[in-house]
Amino acid sequence: MKLVDFCWKYVDELQSGARCRYHRAVSVAEGTMISFKTLAGAVERFENETNESYELDEVGMEFQRRFVEWCRLKRKISGGTIHRYMTLMRTVMNVAVREKLCSNLEFRRAEFVPLSEMNDALVLNQDKMEHLMSFRFKDRRLREARDIFVVGYLTGQRFSDYSRLCKEMYAEFDGQKFVRITQQKTGTIVYVPLDVRVEKIIKRYGGRLPALKLSDFNMRLGEVALSMGWNGELKLTSHTARRSFATNAYAAGVPIASIMCVTGHTREEHLRRYLRLSTATLAVQAAHDFEKFSIAK
């Protein structure tokens, strides 16, 4: 079977609900569907522009080299996006193998998915977050986008979860207030400490955040960055909120286990991929860690 045909078939089945999350009887999140649709489009453009056509059994290291080269040199696609493309490609190929549509396993080699370079623009540090939260937007559209983003930052969730936060999700036990969230991507239930700023924002909108599609939200965030004078300095997206939460919490000394409890990560190595820490920040964190020992005395 042709690679591009299977990619589009996979997308169609995700969108129709005929194909659910692996090992689960629930549909994938909207963002996941968009990601696979973007991959299918990229594969189709790659084949059209290179006059190539690949069967599923031909998706190995030679395909990887040609596709990555096309992404980098012809399309000027960032390393982070290429990393996501190849990670999604591996998922598609694993499905094809399980369904006995091909027997090629070369895509499982570690080097098939290029490492993603570190990118400080993926994170807003504490100072930038304070600036964002205190900024006065004249445009209502941008105020809404900022408020939704801040809720995402203060809860550490994915857009599919923080965009639907409402007062009905509040919970309280042992004198503490929480937001109870069933994460759409994994089905994991997490209890997020309810920050007073989150409570105020949700109250401001009558108990429920404004409804926005992911594409519209990201478009508005681009306008937010421009309005704040961050032109070209960083690309603000829905996922920046979650990455910034994890990075800033870790830099502030919050234990990894506590961060995982909020984000819903089940493996420390997966969470650490979110962390975007400068060398100086890591050095300071290490100094605090080593204070437990007497090596400096």
Obtain the nm distance between the two label points defined at LYS2 and GLU55 by a simple spin-label model: each point lies 7 Å from its Cα along the Cα-to-C-beta direction.
1.4
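I need the calculated FRET efficiency for the pair THR188 and ARG108, taking r as the beta carbon distance and R₀ as 22 Å, to the nearest 0.05. Mind showing how you got there, number by number?
Numbers: r = 26 Å, r/R0 = 1.20.
My answer for the efficiency is 0.25.
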At ARG65 and LEU226, where each label point lies 7 Å from the Cα along Cα→Cβ, what is the point-to-point distance in nanometres?
4.2
CD proxy at 222 nm, helix term only [per DSSP H run n ≥ 4: -39500 (n - 2.57); per residue of the chain; nearest 500]:
-16000 deg cm²/dmol
Hey, can you grab everything whose amide H is under 5 Å from the amide H of GLU55? Only 5+ residues off in sequence or another chain; H modelled, so Pro and N-termini drop out.
LEU3
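Taking the Cβ of VAL113 as the center, what net charge do the other residues with Cβ under 11 Å away carry, scoring Lys and Arg +1 and Asp and Glu -1?
Working: positive: ARG84, ARG90, ARG108, ARG109; negative: GLU111.
Combined, the nearby Lys, Arg, Asp and Glu give +3.
Calculate, for the chain, the solvent-accessible area per residue in square angstrom, rolling a 1.4 angstrom probe over the heavy atoms of the protein chains.
On the way: 16380 Å² over 297 residues.
Here the residues of the chain average 55 Å² of exposed surface.
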On a straight-distance basis, which aspartates and glutamates could pair with LYS138 in a cross-link, Cα separation under 15 angstrom, same-chain partners fewer than 8 positions away excluded?
ASP147, GLU223
Residue by residue through the range 99-104, what is 3J(HN,Hα) from phi via Karplus (6.51 cos²θ - 1.76 cosθ + 1.60, θ = phi - 60°)? Round to whole Hz and write x for glycine and proline.
8, 6, 8, 7, 10, 5
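Given all pairs of different Cα atoms, what value in angstroms does the Kirkwood hydrodynamic radius of the chain take? Mind dumping the intermediate values first?
Working: mean 1/r = 0.0469 Å⁻¹.
Evaluated on the chain, it is 21.3 Å.
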Heavy-atom accessible area ranking, 1.4 Å probe, most first, across ARG243, ARG204:
ARG204, ARG243
Determine which residues of the range 176-195 fall in the zone a paramagnetic label at HIS270 would reach in this model, i.e. backbone nitrogen under 16 Å from the point 7 Å along Cα→Cβ.
182-191
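Report the FRET efficiency, 1/(1 + (r/R0)^6), for ARG197 and LYS235, where r is their Cβ-Cβ distance and R0 is 25 Å, rounded to 0.05. Numbers along the way, then the final one.
Numbers: r = 24 Å, r/R0 = 0.97.
Plugging the Cβ-Cβ distance into 1/(1 + (r/R0)^6) gives 0.55.
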Amide H to amide H, which residues 5 or more places from VAL123 or on other chains are under 5 Å from it, using H placed in the peptide plane?
none
For the chain, take the longest principal axis of its alpha carbons; what is the angle in degrees between that and the long axis of helix 214-227, to the nearest 10 within 0 to 90?
60
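Return the FRET efficiency for the residue pair CYS261, GLU130: r is the Cβ-Cβ distance, R0 is 22 Å, and the value is rounded to the nearest 0.05.
On the way: r = 25 Å, r/R0 = 1.13.
With R0 = 22 Å, the Cβ-Cβ based efficiency is 0.35.
The values are calculated or read from the model by the stated rules, or taken from the named source; none is laboratory data. Owing to the predicted nature of the structure, the values given are computational and were not obtained by experimental measurement. Neighbour counts are summed over all protein chains in view; Cβ atoms, including those assigned to glycine, are modelled from backbone coordinates with ideal geometry. SASA here: full protein model, heavy atoms, side chains in, ligands and nucleic acids out. Shrake-Rupley method; radii C 1.70, N 1.55, O 1.52, S 1.80 Å.
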